[in-house]
Amino acid sequence: MSTPVTTSTLPQAPTFEQVREDLIRPLHKNTFANKLWIRFLIVIIILGAIAYSHQLIKGLGVTDMRDYSAWGVYIANFVFWVAVSLIGSLISSILKLLHQNWSNPLSRIAEMIALGAITMAAASIVIDMGRPDRLQNVVLHGRLQSPILWDFFVVNTYLVISIILLYLPLIPDIAILRDRMTDSPPWQRKLYKALSLGWHGTQEQWRLLRRSMIVMIILILPVAFSIHTVTSWLFAVNSRTGWHSTIFGPYFIAGAFVAGSAAVIIAMYVFRKRHKLQQYITDRHFNMMNKLLVLTMLLYLYFNINEYLVPGYTWQRLDGEHLRELFLGHQAPLFWLTQILGLVAPIVLLLFRRMRKPLPSLIISIFVLLGAWMKRMLIVIPTQFHPEFPIQNVPKHFLEYIPTYTEYVISAATLAGAMLIITLLVRVFPVVPIWEEAHDRGINKIFKAEKTSNIHENEA
Amino acid sequence: MKDQQHNPTNDSRRNFLKQAALLGAGVVAGAGVLTSCSNHLASSGEKTKLLTATGELVEVDPSQIKRVRKEKLTELQERGREGLTGHHWTWVIDLAKCKNARKCMDDCVGAHELKPYQSHINVLQMQDSKSGAPYYMPTPCFHCDNPPCTKVCPVNATFKRSDGIVLIDNLRCIGCRFCIAACPYSARRFQWFEPDYTEEQKNRVYDVELNVPQKKGTITKCLMSADRLRIGKLPYCVSACPNGVYWFGDKLEDTVTNGTTHETVKFSELIRDNAGYTYFEDLGTKPQVYYLPPKNRTSPYVPVDKFQEKYEEKRG
Amino acid sequence: MKMKRNILVTAALGVAFLYSGLLANAQDFAPWPVPDEAAAVENPVALTKESLQAGKSLFDLQCKACHGESGKGDGLIKSANLTTPEFLAQTDGAIHYKIYHGRGVMPGFSTLPDEQLWDVINYVRSLSMVRDSADLKDATISLYFNDAEGQRELTAKVEETNAEGEVVPVAGMKVNFAVQTHFVLGQLPVVPADHYTNENGMVTVVFNDTLIGDGEGMLQVVASIQDMEYKPAQVTEAVGWGVPNPQDYWTERRALWKNNDYVPIWLLISFTGSALAIWLTIVYVALLVRKIKLEGDRYENDVNT
């Protein structure tokens, strides 16, 4: 562990077998550190479950949400997770359609993050409900007019699409695992056997796979855009200062790509280190991902300026109150920290090539991701304290919102949940697509069955 | 044509819409739709006996029976959702009269079994500009004709009846609090904790028109005391006011009655002669609670902070 | 943070206690000094039946809510008892001063004509004279409609049974005409001037209001008497002199705020349309994946055989 694997140990032009073995090596052994990590995550999730049952029994009053801050951390988490999940579509779909082949080794990381995040987004919304026991009412009595119903629909759809989009490019890799991972426990062998769908790389199978992938890559785009647009509409459709904005859809989507790119960079760093993938996730990938991050952050900065300058210029009654609170009032430290450390400073730093190296970019990305979460808090909460009528005749603590331990523990549990999903996925599946990697290097040997298939077709 | 009333002739269209909604949800749940559709289409040739609503016994092919997904509603829920035919309740609040006696809030809290700070009607201390004099303003739910809250409700838990009242069904509410976010008038409250009820109180039959018993994790809001209107009485708060602030009545009938003096006048004349107005018309909500301007007030001004102790929440 | 909050609460409680006067009404029952010159003012309005009746109307409108029907201070809020010897010991001038200026929750009525205030004082003084309802006389009232010659007329007749058991008309009785609203207490006055019965116990008024009735235009017309010597009596009769109630005020059939049965068509089509398109595509991909599986099975069969 202590001595990092240098590139010299690997041949400059690896063969297909070498690539294959490099990428499935981490799956062979369940390290002590890995076991400890999984247990740690499970402990946090259990703590979250305890906190949640407390909330279920006592009511949502155990949070600091009250009538004038009816949405709090949970909704901010929901928006955050939806945002992070959008990266799956950016890397697997937009970059692929633009033929940005450098991103191919990162697509599976992005898809796994997307799956973990969208699951936790769904969980966050249930956690936020006052009566989760009545969730079925959304199906039984759903009102098509409600953006929540649209959200319910797109979140579920996006979850399914994320699973499919993760699974499809995995099929050839699972076939390799089925053939190579013969020393793994029986459940794992059975899993590979079932999920490989009898993949033998015949021409017909490749044709079907390519077609289904291209369909999914295109399909995920409108769904991904609508999931975050609808999420932004949960706010924008209310005539409230700070929410009722026509640019909320693109604003949220730009912000989502920022959060997701940062999450991918963090994951890249971790897996490159832990799985010794320096040969596959190179400095060039970091360089490119960071450039992508800067691009999305510039776009987000542009929307931020629009979002704050226009109401700030007219300074209408409630807009003025709201913006004063953000710029100079109670929220100001958090607001400026978020905007500067989470947005402006990273943009400036990442303009330097040295900052786009793995370690500096990891640190910057952590700040960006933290900033992304804070930003969601700043979007969700302060607005609610500026209703049309003054807030009176309520207990004093209704006038502020300070999340309680219960809320923090439950939020931490959703973070742990997302990480657990990703950890379990990389435990059984290679984090870099083997066949795509081989294909990009021009050493693909998994089309072996083509001949048979041809014969087969001739016979038929 | 009463839109929101149950009308048997609408059932086929209702079913279509239900199925359309079901389809949306069904694809999420799986292939449920396919099976339910095939139930309707396949003809089996056997006959089933069926008793119609008019009492006739008829034989029909089982494939022709559409299972109307009858919502499981209690009698009080059904009644509460229908509304009182031929009325459009309205409310006129005379700001010149309000002296902050807060009898309305007390009675509201009492009738709906709320904590003091949850009162559905909230008397605010207002001052429109620095040079203007402060005045008191009771704010109930405005029962908008274009209500933002019922727009966003995902489960039809809050709804507008044919008589204009926006109600909440707390057996249906899932507690998403979207309506709180949507309401520009801060008219909605949430039950953050289990209300202080004995087991017996808790198990009472739920009355939508009174929203009692209150339930943890659901919304509660001003209902214009729909249960009182049903029996020809004025709302709790309106009849509790000692200062003649409230006029309550029916826009269709064009009359309003003062809750204190029981004087009855024409609604249109009262509004016209006293420059009545509504709040935030620019939001497009079409509020149905009117205000008369706070002019010629005779009462002294007492800052609201002095009432604070009543509204402290005992935190668990 | 919590600590700070508690201190704030304690402080608020303290302040609230000091200023709790308005809620507890403590100051409202403290002695209320009246300047001598004000107390010395004499009541210029004579104690007549008309004055009492006018006083009663105003009392019912402005005072009853708090002081109660009988003036005992048992209305909607705790207020002064107007029937105690201490109260009655005051001069009319002192009572006038208090009504005029007000104090605490008791509003001042400086905007009302002075004469009306003296009428009220006359009436208030009469409240303490206990009037058992058994002492009051019974009167019956009946109501007739006359729609002849395009002129709508209301006629009320008031009668009583005299000591000899004969039904005789009551003359000079004030009759109020009103239309009953949905609310038991809500009676909209029609032809609001004062009308008194003639020597035949009859009073006829012209009805030319345009009022909204029920769905068929029926109005519930009420004629009532409120007299110091008689028990209150009223009669309600329906007449089709109103404008039919439109019954329904909603103009839009489908709207975003309505329930799921009235989804706007554009929304229904676009939502279900896109939902179907997306899920049909997913089903299509699922079928492709199934084909991959079938192809794999076929390949394995080929290899095995």
Any residue in segment B:251-277 that's within 11 Å of chain C (Cβ to nearest Cβ) and within 10 Å of C:LEU185 (Cα to Cα): show its pairings with residues that are among the hydroxyl-bearing types (Ser, Thr, Tyr) and in a loop (DSSP other than H, G, I, E, B) at Cβ separation under 9 Å, as long as the two are six or more apart or on different chains. B:THR257/C:THR181; B:THR264/C:THR181
Take the conditions in the same structural domain as A:MET112 (by TED's automatic domain parsing), out of contact with any Pro (no Cβ under 8 Å at 6 or more places or on another chain), under 22 Å from C:ASN301 (Cα atoms) and surrounded by fewer than 18 Cβ atoms within 10 Å (Cβ to Cβ) and apply them to A:ARG207. Does it pass? yes
If we keep just the residues of segment B:176-190 that are under 16 Å from the mean Cα position of the chain (by Cα), at the interface with another protein chain (Cβ under 7 Å from one of its Cβ atoms) and assigned to a loop (DSSP other than H, G, I, E, B), which is farthest from B:PRO140 (Cα to Cα)? B:ARG177
Filtered residues of segment A:227-252 (kept if in a helix (DSSP H, G or I) and within 14 Å of chain B (Cβ to nearest Cβ)): A:ILE227, A:VAL230, A:THR231, A:SER232, A:TRP233, A:LEU234, A:PHE235, A:ALA236, A:PHE248
So, first residue in the same structural domain as C:ALA38 (by TED's automatic domain parsing) and within 20 Å of C:SER51 (Cβ to Cβ) in segment C:105-118, second residue in a helix (DSSP H, G or I) and among the charged types (D, E, K, R), Cβ within less than 8 Å, six or more apart or across chains; the pairs are C:TRP118/C:ASP92
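Check segment B:121-130 and report whether any residue there is of a type in the set (A, V, I, L, M), within 25 Å of B:ASP227 (Cβ to Cβ) and assigned to a loop (DSSP other than H, G, I, E, B).
Yes, segment B:121-130 contains at least one residue that is of a type in the set (A, V, I, L, M), within 25 Å of B:ASP227 (Cβ to Cβ) and assigned to a loop (DSSP other than H, G, I, E, B).
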For segment C:154-210, give me every one of the strands (runs of 3 or more DSSP E) that falls completely inside it and has 1 or more residues that are more than 14 Å from every other protein chain (Cβ to nearest Cβ). C:167-169, C:175-180, C:202-206
Taking first residues from segment B:284-306 that are assigned by TED's automatic domain parsing to the domain that holds B:VAL166 and second residues anywhere that are at pLDDT below 90 and basic (Lys, Arg), the pairs with Cβ under 6 Å that are 6 or more apart or on different chains are B:SER299/B:LYS99
Among the candidates A:ILE214, A:ILE220, A:ILE171, which residue alone is out of contact with any Ser or Thr (no Cβ under 7 Å at 6 or more places or on another chain) and of a type outside the set (Lys, Arg)? A:ILE214
Which of the residues that make up segment C:35-56 are in contact (Cβ under 8 Å) with a residue 12 or more places away in the chain and part of a helix (DSSP H, G or I)? C:ALA38, C:ALA39, C:LYS49, C:SER51, C:LEU52, C:GLN53, C:ALA54, C:GLY55, C:LYS56
How many residues are exposed (fewer than 13 other Cβ atoms within 10 Å of the Cβ) and more than 20 Å from C:ALA30 (Cβ to Cβ) when one looks only at segment C:79-113? 3
If the requirement is being within 14 Å of chain A (Cβ to nearest Cβ) and among the aromatic types (Phe, Trp, Tyr), which of these qualifies: B:PHE248, B:PHE159? B:PHE159
Given (1) within 19 Å of B:CYS104 (Cβ to Cβ); (2) surrounded by fewer than 24 Cβ atoms within 10 Å (Cβ to Cβ), identify the lone condition not met by B:ILE165. (2)
Under 6 Å between Cβ atoms, at least 6 apart or on separate chains: pull out the pairs that start in segment B:78-103 with a residue that is assigned by TED's automatic domain parsing to the domain that holds B:CYS141 and within 20 Å of C:GLY104 (Cβ to Cβ) and end on any residue that is surrounded by fewer than 21 Cβ atoms within 10 Å (Cβ to Cβ) and charged (D, E, K, R). B:ALA96/B:LYS295; B:ALA96/B:ARG297
Confirm whether C:LEU61 is facing chain B (nearest Cβ under 10 Å) and out of contact with any Lys or Arg (no Cβ under 7 Å at 6 or more places or on another chain). yes
Given the condition under 29 Å from B:PRO148 (Cα atoms), within 11 Å of another protein chain (Cβ to nearest Cβ), in a loop (DSSP other than H, G, I, E, B) and free of Cβ contacts under 8 Å to residues at least 40 places away in the same chain, answer yes or no: does some residue in segment A:145-159 qualify? yes
Out of A:ALA51, A:ALA114, A:ALA122, report the one residue that is surrounded by fewer than 24 Cβ atoms within 10 Å (Cβ to Cβ), of a type in the set (A, V, I, L, M, F, W, C) and closer than 25 Å to A:ASN156 by Cβ. A:ALA122
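Any residue that is over 25 Å from C:LEU52 (Cα atoms), among the hydroxyl-bearing types (Ser, Thr, Tyr) and touching a Leu at 6+ places or on another chain (Cβ under 8 Å) - is there at least one of those in segment C:199-209?
Our first condition is that a residue be over 25 Å from C:LEU52 (Cα atoms); within segment C:199-209, this holds for C:206-209.
Now restrict to residues that are among the hydroxyl-bearing types (Ser, Thr, Tyr): none.
No.
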In the list B:ASN203, B:ASN211, which residue meets the criterion of being more than 14 Å from chain A (Cβ to nearest Cβ), crowded, with 24+ Cβ neighbours inside 10 Å and of a type in the set (S, T, N, Q)? B:ASN211
Based on this model, can you work out whether B:LEU210 counts as under 21 Å from B:THR278 (Cα atoms), in contact with a His (Cβ under 8 Å, 6 or more places away or on another chain) and aliphatic (A, V, I, L, M)? no
Given the condition over 30 Å from A:HIS28 (Cβ atoms) and either polar (S, T, N, Q) or facing another protein chain (nearest Cβ under 9 Å) (or both), answer yes or no: does some residue in segment A:180-203 qualify? yes
Odd one out for C:LEU267 among (1) facing another protein chain (nearest Cβ under 7 Å); (2) assigned to a strand (DSSP E or B); (3) among the aliphatic types (A, V, I, L, M): (2)
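The values are calculated or read from the model by the stated rules, or taken from the named source; none is laboratory data. Just so you know, these numbers come straight off a predicted model, no measurement behind them. Glycine also receives a Cβ, built like all others from the backbone with ideal geometry; neighbour counts cover every protein chain displayed.
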